[in-house]
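First comes the structure, then the notes that go with it.
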Amino acid sequence: MNPVANQTEPVIRIESLYKSFKDVKAVNGINLKLFPGEFIAVLGPNGAGKTTLVEMIEGIQKPDSGEIFIKGKQWKNHHAELNRVLGISLQETWFIEKLTVKETLILFASFYKLGEARVKEIIALIRLEEKEKAYVKNLSGGQRQRLALGIALLNYPEVLILDEPTTGLDPNARRELWEILLKLKTERNTSLILTTHYMEEAEYLCDRIIIIDHGKILAKGKLNDLLQACDKHEIIEIGLLGPPPFDFTTVPGVQKSRFNSKDNAFVLEVKRIVETLPLLLKKLEESKTEIAELQCRTLTLDDLFISMTGRHLNA
Amino acid sequence: MKNSLLILTISHLKEFIREPGSMFWSFGFPILMSIGLGLAFSGKKEIMHGVGLIPSSNNQEILVRNTFFGGGVPKDTLIEKRFDNENGLTRYAFHITSWENAEVLMKRGIISSILTEEGGKMVYHYDPLNPEGELIQIQLSNFFKYGHLGQDTGSIRPLKTQGMRYIDFLIPGLLTLGIMMSIMWGVCYSLIEKRSKKLLRRMVATPMRKTDFMTAYWASRLVLTVFDSVVLLVFAYFFFGVVIQGSIAALALIFLAGNIAFFGLAILISSHTANTQVGNGMISLITTPMMVLSGIFFSYQSFPPWAISVIKVLPLTKFTDEVRAIVNEGAGIIDVLDGVAILGVFGAVTFFIGLKIYKWF
Ligand SMILES: Nc1ncnc2c1ncn2[C@@H]1O[C@H](COP(=O)(O)OP(=O)(O)OP(=O)(O)O)[C@@H](O)[C@H]1O
Ligand SMILES: [Mg+2]
């Protein structure tokens, strides 16, 4: 448990949240706490229920059952107030196409009674100075994402809820956005819930990670805890020129073996590479099998996810 | 500038004005329409009738022979006759042809009557529902008898008084139709589109006041429709000499009421769907019948009585009738108060029902 967490009240507390659409259980019993200054990543494949979950927190969708408390308050009685606490960006929003970037920000700023000074700051922050006078219609996908983030940040929100803010961004833009968020964390103690398909993003940015699929939490915790709990820390990926001469799990130390057709390689989960790799190589040499490719690495979230669900995170 | 009502209003205006097509539909279209229809129905009119003439083989078509062929044998041809009188120019095109061929011409709309001759008398074949057929029968029976279209009784004085011409009838209709279209597309469709693009939910997830949002929509549309209407009225005055004979204050009042009525309807229609195609269909379903029935282009008096009682309760009918009364009959505020009240209440009721069930997310 986070030591800070025990002393402070969570900014967001979610208790057994459920939401179904016709035959789909989009969110199926989720409990969650977000503490001040904490960054949480919600990871999951397409259709896992991420958007449904965060939109319920944002007050946009109504849960079938369960409670959501933001700073101890609920949507039904404190709508206007909670809208000032949160800064959100939806998975897809089309702003008014024939308004410029600046006009769009001025419009949203007016809802918070903020003036042009704040708009200028935001434009600088999201690096859209050059596009300030461009119609929203003419922005690139990444620039639109940054505009959406800018709007989310307008009112100095205590809690940010961003639904896939970096999908479609190039690596540089993604990194810039991460830096903006980390700066908010250190300077303003902002909390964040972010949904993503990218493990690097979750690893780099977030204190805690929640992996969901079919509306349920499969695992949650700090990244290291998640990986450690798994008991298989390291991965050997090996590609062969011929068929495999023996079952890899017969090699001492190999705990699991699967074939990754994408890379045309076998993925072996091992306890320690240094112990297993020499044995593996020796056995392959004895059976005269040629190696096409060999890679050793530590376990990632994707590996973890695959071993839990049999599917890739960002399929 | 932090006043969100004002900024919202300006944003809506910019959004509309920057759309290239919108200017044409709101200014160009009504003006072109009034030019087209105004010219077609004003000035010295020129009318063209097509008639099929079927010569039979028994050599008895005395009338046709004597009239067109100097007593000779009729042959396949097209003969045109022009008749000029105070009403303007009327042209007749006589297609002398076989019955089969005449049927084809009729189907194509080239002729509207087929004439045969039996025992020295003309027989007129036409669709009894088409008034043109009857007109042709009256005119041509005179023509075969006297050589011109009218009987020699009475004389013609075309009416040129203001307020009694077709263009005077048309301009108020184009004005109210323009307002309805402007609001149904500019507000109703625009709101549905905003919902489908998730913009509505994004805006409502801020402290924005919903009343500000709606008021801004209404205000920006009011500004635009005032502008459209003034342009149309000024144009009609200079181009056709259409004058507002009644009270300008009454016109302003009914204009406001009409705006409220259609704005309310727009909110109600846009209250649920997030699908722009469904929205498109619903708007057409509402506006098209009103456009046809409410007496915009021709009077609804020719519909059967039960239909008229239905037509009269349509908001566009009420609106148009009142505007016409002001422009053409010189009506004042007192005369239009009932219309103002009805339209105002209709708008308020539809607006509040719409708002009650409005799907913001
Ligand atoms: N309005 C809706 N009506 C019906 N089904 C819905 C609706 N919204 C979501 N769903 C279903 O609920 C499930 C969860 O959807 P959700 O959008 O929350 O997934 P997600 O994790 O955000 O996926 P993605 O990564 O693709 O954004 C999906 O199976 C989806 O089809
Ligand atoms: Mg999603």
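The values are calculated or read from the model by the stated rules, or taken from the named source; none is laboratory data. No experiment lies behind these values; they were computed from the predicted model shown. Every residue, glycine as well, gets a Cβ built from its backbone with ideal geometry; the counts of neighbours run over all protein chains shown. Please note that ligands, DNA and RNA were not included when accessible areas were found on the heavy atoms of the full protein model with its side chains. Shrake-Rupley method; radii C 1.70, N 1.55, O 1.52, S 1.80 Å.
Could you state, as a whole-number percent, how many of the C-alpha pairs of the stretch B:227-282 are farther apart than 13 Å?
That fraction is 72 percent.
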Loop only per DSSP, at most 11 neighbouring Cβ atoms within 10 Å: give me the chymotrypsin sites (Phe, Trp or Tyr not before Pro) in the stretch B:141-250, ordered by residue number.
none
Would you work out the charge dipole size for the protein assembly as shown about its Cα centre, treating the Cβ of every Lys and Arg as +1 and the Cβ of every Asp and Glu as -1, and quote it to the nearest 20 debye?
1160
Report the semi-axes of the equivalent ellipsoid for the stretch B:167-269 in whole Å, largest first, where each axis is √(5λ) for an eigenvalue λ of the Cα gyration tensor.
32, 13, 11
Summarise the accessible area of chain B (1.4 Å probe, protein heavy atoms) by the percent that is carbon and sulfur.
63
For helix A:141-153, report the angle its Cα long axis makes with the longest principal axis of the Cα atoms of chain A; keep it between 0 and 90° and round to the nearest 10°.
60
State the Kirkwood hydrodynamic radius of the stretch A:1-138 in Å, one decimal place, computed from all pairs of distinct Cα atoms.
17.5
To check you understand DSSP bridge types, tell me what percent of the beta bridges within the protein assembly as shown (both residues inside) are antiparallel, rounded to 5.
65
In square angstrom, what is the accessible area per residue of the stretch A:11-89 with a 1.4 angstrom probe?
41
Amide H contacts under 5 Å for A:Leu192, restricted to residues at least 5 apart in sequence or on another chain and with H modeled in the peptide plane, are A:Glu38, A:Phe39, A:Ile40, A:Leu160
Heavy-atom accessible area per residue - chain B, 1.4 Å, Å²
50
Are there any GluC sites (Glu not before Pro) in the stretch A:212-315 that are in a DSSP loop and have at most 12 other Cβ atoms within 10 Å? List them by number.
A:Glu290
Taking alpha-carbon centroids only, the stretch A:81-159 lies from the stretch B:236-262 a number of Å equal to 42
Once amide hydrogens are built 1.01 Å from N within the peptide plane, the residues lying 5 or more places from A:Lys271 or on another chain with amide H under 5 Å from its amide H are A:Gln255
Rounded to the nearest 10 degrees, what's the angle between the helix A:171-188 long axis and the longest principal axis of chain A, both from Cα atoms, 0 to 90?
60
Which value in Å is the Kirkwood Rh of the stretch A:63-153 over different Cα pairs?
14.4
Tell me the volume per residue, in Å³, of the convex hull enclosing the alpha carbons of chain A.
161
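If R0 is 56 Å, what FRET efficiency do you get for B:Glu103 and B:Val226 from their C-beta distance, rounded to 0.05?
0.60
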When the accessible area of each residue in the stretch B:192-212 is compared between its chain alone and the complete protein assembly (1.4 Å probe; ligands, DNA and RNA ignored), which residues differ by at least 20 Å², being lower in the assembly?
B:Lys197, B:Lys198, B:Leu199, B:Arg201, B:Arg202, B:Met203, B:Ala205, B:Thr206, B:Pro207, B:Met208
Find the percent of Cα-Cα distances in the stretch B:234-361 that exceed 21 Å, and round it to a whole number.
49
Name the long-range amide H neighbours of A:Asn260: under 5 Å, sequence gap of 5 or more, or other chain; modelled H, no Pro or chain starts.
A:Ala265, A:Phe266, A:Val267
Please give the average number of partner chain Cβ atoms lying within 10 Å of the Cβ of each residue in A:110-118, rounded to a whole number.
4
Going by a 1.4 Å probe on protein heavy atoms, which residues of the stretch B:6-31 end up with at least 10 Å² less accessible surface in the whole assembly than in their chain alone?
B:Ile7, B:Leu8, B:Ser11, B:Lys14, B:Glu15, B:Arg18, B:Glu19
Kindly sort A:Cys296, A:Cys206 by accessible area of their heavy atoms, largest first, with the probe set to 1.4 Å.
A:Cys296, A:Cys206
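Is the stretch B:105-258 best put as rounded, prolate or oblate by its Cα gyration tensor, with a ≥ b ≥ c the root eigenvalues, rounded for a/c under 1.5, and otherwise prolate when a/b is larger than b/c, oblate when not? Intermediate values should be presented prior to the final figure.
Working: a/c = 5.58, a/b = 2.22, b/c = 2.51.
Note, shape of the stretch B:105-258 comes out oblate.
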Taking the Cβ of B:Arg18 as the centre, find all other residues whose Cβ is under 10 Å away and add up their charges (Lys, Arg: +1; Asp, Glu: -1).
0
Using a 1.4 Å probe on the protein chains only, how many percent of the accessible area of chain A belongs to carbon and sulfur?
50
In a Gaussian network model over chain A where Cα atoms closer than 10 Å are linked, find which of A:Trp94, A:Trp178, A:Trp75 has the largest mean-square fluctuation.
A:Trp94
The helix B:29-40 Cα axis meets the longest alpha-carbon principal axis of chain B at an angle in degrees, between 0 and 90 and rounded to 10, of 20
Kirkwood-based Rg to Rh ratio, the stretch A:209-315, C-alpha trace
1.01
If contacts are Cα pairs under 8 angstrom and at least 6 residues apart, what is the relative contact order of chain A in percent?
20
Skip the ligands, DNA and RNA, and give the accessible area per residue of the stretch A:148-303 with a 1.4 Å probe, whole Å².
48
As a test of the definition: with a 1.4 Å probe, what buried accessible area, both sides summed, do you compute for A against B, in Å² to the nearest 100?
2600
Connecting C-alpha atoms closer than 10 Å in a GNM of chain B, tell me which of B:Ser309, B:Ser220, B:Ser271 has the biggest fluctuation.
B:Ser309
If each K or R counts +1 and each D or E counts -1, the residues other than A:Ile60 whose Cβ falls under 12 Å of its Cβ total +3
How large is ³J(HN,Hα) for each residue in the stretch B:335-342, as worked out from phi by the Karplus curve 6.51 cos²θ - 1.76 cosθ + 1.60 (θ = phi - 60°), to whole Hz, x for Gly and Pro?
5, 9, 4, 5, x, 4, 5, 4
Using a 10 angstrom cutoff on alpha carbons, build the Gaussian network for chain A and name the most mobile of A:Lys22, A:Lys216, A:Lys62.
A:Lys22
So, counting K/R as plus one and D/E as minus one, what does the shell of residues with Cβ under 12 Å around B:Ile267 add up to?
+4
Per principal axis, largest first, the Cα atoms of the stretch B:1-149 extend in Å by 91, 35, 25
Give, ordered by residue number, each residue of the stretch A:39-73 whose 1.4 Å probe accessible area is reduced by a minimum of 50 Å² on adding the remaining protein chains to the chain alone.
A:Ile60
For the protein assembly as shown, what is the Kirkwood estimate of the hydrodynamic radius, computed as the reciprocal of the mean inverse distance between distinct Cα atoms, to one decimal in Å?
31.9
